[in-house]
Amino acid sequence: MSEDIALLTAAELVKRFREGTLSPVEATEAALAAIEKHDPELNAFVMVDREGALSAAKESEERWRLGVPKGRIDGVPTSIKDLILTTGWPTLRGSKAVPKDQAWDEDAPVTARLKEHGAVLLGKTTTPEFGWKGVTDSPGWGITRNPWNPERTPGGSSGGAAVAVACGMGALAIGTDGGGSIRIPAGFTGIFGHKPSFGRVPAFPLSPFGTVAHVGPMTRSVTDAALMLSVLAEPDPRDWYALPYSGADYTNGLDDGVSGLKIAYSPTLGGHKVDPQVAKHVAAAAEQFEKLGATVEEAEPNLGNCESTFLVHWFAGAANLLSRIPEEAKQQIDPGLREIAEVGARYSLQEFQNAVTEREQLGVTLNLFHQNYDLLLTPALPIPAFEAGLEFPPDDGDERWANWTPFSYPFNLTQQPAASVPCGLTSEGLPVGLQIVGRRYDDRLVLQAARAFEMAKPFPLPPRVRP
């Protein structure tokens, strides 16, 4: 019974709280039981506040009993990525170089919004150090593992958040995405992850990696992500880049489908190598959109060599990050992060400005592309999950994590909304993700399309948590 409750969606939990057939305390106890069962092997959490979660759940239970819920997700068990400030909890960002003995007395905007809407916060989820790479391991907290096969990586950098959601260790999770860090682990673990348009969800403090970094929802259903985004997008004056608040409820019109839309399908996004099983499932997903009434055409936006553009932004961001860390503490930092920071520190101002110009041109290219197409479909990832503990697949010739994530980082550069939707399993039983990309600022249509696909092809659960 506890496991069944842990796997309820946030929308289902809120409905049952309202009906009085389930209490937030029962939901929180179920999530904590799932953590106790799965986390020792999978390592999704850096800390769990059992006492605080149960106390918050009891307060929520009383509000529901009185018929005065605090907000839209009152009582829903939720996790916070360890890059996000949370009052009373250390935010160590996966690093031994961050001192624990400091005042943890501020909530990031997303943490504040979740609390204002009554979410029950369970704890902090694992991340590679400062979220620097597309897998989840760190010198201080070890290796996070994939619930579909613990020998494989769940991806990153929001790997802990993805694993938590996949295994019922909370219905909702906060992720961040600077080059794919929501969509990569969503794709590898078979959950739904949405990178909102840049500025849609206020952030503070801003990422040292700059304006490629987004904050967004990771969930087991599209409806939950739409519900969560409606909460997270509420305004906060601490983010100078934040979009004007629209008051949008992203659950409205979510089931309107894709009939009549014109959708581009790019199987390789400019000729990138894709595993045949991944390619097969993504092609079938594109065909499904045609069955749902959309017009789907194979089309390739001209992205040029945007990997080099991204790496200049990313490596310069790493140099910016390490410049703030005392010299004596740098030796504790992941060697890979130190390596890319050293590269970033050597860029000239002209080299960086050239990358900014290239980014601007890429943004214009995608704006023009979306004059003809409402959405773009691509693989979320070109490969299934590989061995845990590695930055990139063995024997694949890669030099850094971005080499095997060519479908994600372009849309951090362009700041478009993009989501990963589970679309099948390989012969080894590993998830395959479909990426849905929308016009800049059109988060609603991305969610609507993802929901249409979910209704046609419901998302599977890992075998370890299936009822």
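No value in this document is a laboratory result; all are computed from the given coordinates. Every value quoted in this text rests on a predicted model; they were computed, and no experiment measured them. Every residue, glycine among them, receives a Cβ derived from its backbone with ideal geometry; neighbour counts consider all protein chains shown.
Values for this structure:
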| quantity | calculated |
| --- | --- |
| Paramagnetic label zone (point 7 Å from Cα along Cα-to-C-beta, Glu287; backbone N under 18 Å) in segment 427-465 | 427, 432-435, 453-454, 456-458 |
| Equivalent ellipsoid semi-axes - Cα gyration tensor, segment 358-448, angstrom | 27, 18, 9 |
| Rounded, prolate or oblate (a/c below 1.5 giving rounded, otherwise prolate when a/b exceeds b/c) for segment 249-366 by Cα gyration tensor | prolate |
| Extension gain (nm, one decimal) between Glu41 and Asn305, 0.36 nm per residue minus Cα-Cα | 91.1 nm |
| Within the chain, longest stretch clear of exposed trypsin sites (Lys or Arg not before Pro) (DSSP loop, no more than 12 other Cβ within 10 Å) | 101-272 |
| The chain - charge dipole about Cα centre, Lys and Arg +1 at Cβ, Asp and Glu -1, debye rounded to 20 | 560 debye |
| Gyration tensor verdict on segment 228-306 (Cα atoms; rounded if a/c is under 1.5, prolate if a/b is larger than b/c, oblate otherwise) | oblate |
| Residues of segment 435-467 with amide N under 17 Å of a point placed 7 Å along Cα→Cβ from Glu3 | 460-467 |
| The chain - share of DSSP beta bridges that are antiparallel (%, nearest 5) | 70 percent |
| Leading residue at positive end of dipole, the chain (Cβ point charges), from Gln353, Ser181, Ala11 | Ala11 |
| Amide H partners (placed H, <5 Å) of Ala294, local residues excluded | Gly260 |
| Exposure proxy ranking, count of Cβ atoms within 10 Å, fewest first, for Leu445, Leu32 | Leu445, Leu32 |
| Alpha carbon convex hull of segment 2-465, projected area averaged over orientations, nm² | 20.0 nm² |
| Kirkwood hydrodynamic radius over Cα pairs of segment 317-410, then Stokes diffusion coefficient at 25 °C and 0.890 mPa s, in µm²/s | 149 µm²/s |
| Loop GluC sites (Glu not before Pro), segment 375-467, which have at most 16 other Cβ atoms in a 10 Å radius of their Cβ (DSSP) | Glu399, Glu428 |
| Per DSSP, loop chymotrypsin sites (Phe, Trp or Tyr not before Pro) in segment 245-299 with at most 14 further Cβ within 10 Å | Tyr245 |
| Sequence of Asp107, Asp4, Asp177, Asp137 once ranked by neighbouring C-beta atoms within 10 Å, starting from the fewest | Asp4, Asp107, Asp137, Asp177 |
| Over 22 Å between alpha carbons, listed pairs Lys81/Lys280; Lys15/Lys58; Lys15/Lys37 | Lys81/Lys280; Lys15/Lys37 |
| Taking Ser55, Ser197, Ser323 and counting other C-beta atoms within 10 Å, the order from fewest to most | Ser323, Ser55, Ser197 |
| Contour excess over end-to-end distance, with Cα ends at Glu360 and Glu297 and 0.36 nm allotted per residue | 20.1 nm |
| Cα-based equivalent ellipsoid of segment 93-188: semi-axis lengths in Å, sorted from largest, via gyration tensor | 22, 18, 12 |
| Student exercise, segment 152-282 dipole from Lys, Arg, Asp, Glu Cβ charges, in Debye to nearest 20 | 520 debye |
| Helix-derived mean residue ellipticity, 222 nm - over the chain, DSSP H n ≥ 4, -39500 (n - 2.57), to 500 | -11500 deg cm²/dmol |
| Theoretical gain in end-to-end length, Glu328 to Asn372 [0.36 nm per residue, Cα-Cα removed] | 10.5 nm |
